[in-house]
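One structure is given below, encoded as structure tokens.
What follows is calculated from the coordinates using simple rules that are stated; it is not laboratory data. Fair warning: this is a prediction, and the values are worked out from it, not measured in the lab. When we count neighbours, we look across all protein chains shown, and the Cβ atoms used for this are built from the backbone with ideal geometry, even at glycine.
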Amino acid sequence: MQRRYEVIFFDAGGTLLYPYPSVGAVYAEVGERHGIHCSPSEIEQAFRLVWQEMQQEREGGTLRYGSSEAEAKGWWKRVVERVFREVGIRQDLSAYFEEVYQVFARPQHWRLFPEVIEVLESLQGAGYRLGLISNWDSRLPGILEGVGLAPYFRYVVISSQVGAEKPDPRIFETALRWAGVAAERALHVGDSLTDDVEGARAVGMQGILLDRRGNRSAPYPRIQDLRELLLLLYDSIA
């Protein structure tokens, strides 16, 4: 019997990898070198608030990270400035920003979730083609290389490179075109209900929500650990 899917795509941040030790810890550590004294927890809380606000402020079809490093840096600088305003810091952050932007390009500040390599190797061994669809800037390829993920993915589709950002159908359509696969034969896994699951389903792909904390409800397939994906695929005679 023919398996249901040929290609499995994954989101990157929050699905395969996460910032280490945390955004707040890195911001605070770099801040100390620039005379900015805030606790990691205080910055982390402010970052989460600002990130949520800026997500809500996104306009349909716009690219947060633009299509160049200059545009990406402009967006991230606005994030950093808003985070520090939240914690009462209003000094010039130009030098600070340049350093922290480069710090997050370094693979040592990213970690893989524990089951990631095991699952990717299992899927590859079973003959699936793997791809990545990510809303990210030009730093992602270097990070993927550094953390050991690059060899697993035949297709790496990054919003800043293709000019469309999830949930825009164009980024998913680009991924399908690069892989040469029909939408119904492709699966996408990610931690955002809107960007990943609903975005994928809008073009005819199957979308699976990765809910690592197990506290979200959705009318779609949902897993808490990527190992559960292997069980879902087996159950679908994949």
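Determine the dipole magnitude for the range 22-108: charges of +1 sit on the beta-carbon of Lys and Arg, -1 on that of Asp and Glu, nothing else is charged, the reference point is the Cα centre, and the result goes in debye to the nearest 20.
I would put it at about 100 debye.
Going 7 Å from the Cα of residue 67 along its beta-carbon direction, which residues of the range 128-160 have the amide nitrogen within less than 20 Å of the resulting point?
Flagged as within label range: 133-141, 156-160.
Taking the chain as a Gaussian network, Cα atoms linked when under 10 Å apart, which of 131, 13, 35 shows the biggest mean-square fluctuation?
35
Give me the dipole magnitude in Debye, nearest 20, for the chain about the Cα centre, with unit charges on the beta carbon: positive for Lys and Arg, negative for Asp and Glu.
320
Rounded, prolate or oblate for the range 156-199? Axes are the square roots of the Cα gyration tensor eigenvalues, ordered a ≥ b ≥ c, and the cut-off for rounded is a/c under 1.5.
The shape class here is oblate.
Could you tell me how far the Cα centroid of the range 204-238 sits from the Cα centroid of the range 1-62, in Å?
22
Give the span of the range 22-108's Cα atoms along each principal axis, as three whole-Å numbers ordered largest to smallest.
37, 26, 24
With springs only between Cα atoms under 10 Å, which of 37, 109, 188 fluctuates most in a Gaussian network model of the chain?
Comparing 37, 109, 188 in the GNM, the peak value goes to 37.
What FRET efficiency comes out for residue 113 versus residue 177 if R0 is 22 angstrom and r is the Cβ-Cβ distance? Round to the nearest 0.05.
Once the sixth-power term is evaluated, E becomes 0.15.
Quote the relative contact order of the chain in percent (integer), defining contacts as alpha-carbon pairs under 8 Å separated by 6+ residues.
Across the chain, relative contact order equals 25 percent.
With a cut-off of 8 Å between alpha carbons and a minimum separation of six or more residues, what is the relative contact order of the range 22-108 in percent?
Rounded, it is 30 percent for the range 22-108.
Full extension from residue 231 to residue 82: what is 0.36 nm times the residue separation minus their Cα-Cα distance, to one decimal in nm?
Between residue 231 and residue 82, full extension yields 49.4 nm more.
Calculate the spin-label point distance for residue 58 paired with residue 154, positioning each point 7 Å from the Cα along the beta-carbon direction, and give it in nanometres.
For residue 154 paired with residue 58, the spin-label model returns 2.8 nm.
How much of the calculated P(r) for the range 1-65 lies past 14 Å, in percent of all Cα pairs?
That tail contains 73 percent of the Cα-Cα pairs.
What would the Debye equation give as log₁₀ I(q)/I(0) for the range 93-203 at q = 0.11, 0.12 Å⁻¹, counting only Cα atoms as equal point scatterers?
The computed values of log10 I(q)/I(0) come out as -0.40, -0.47.
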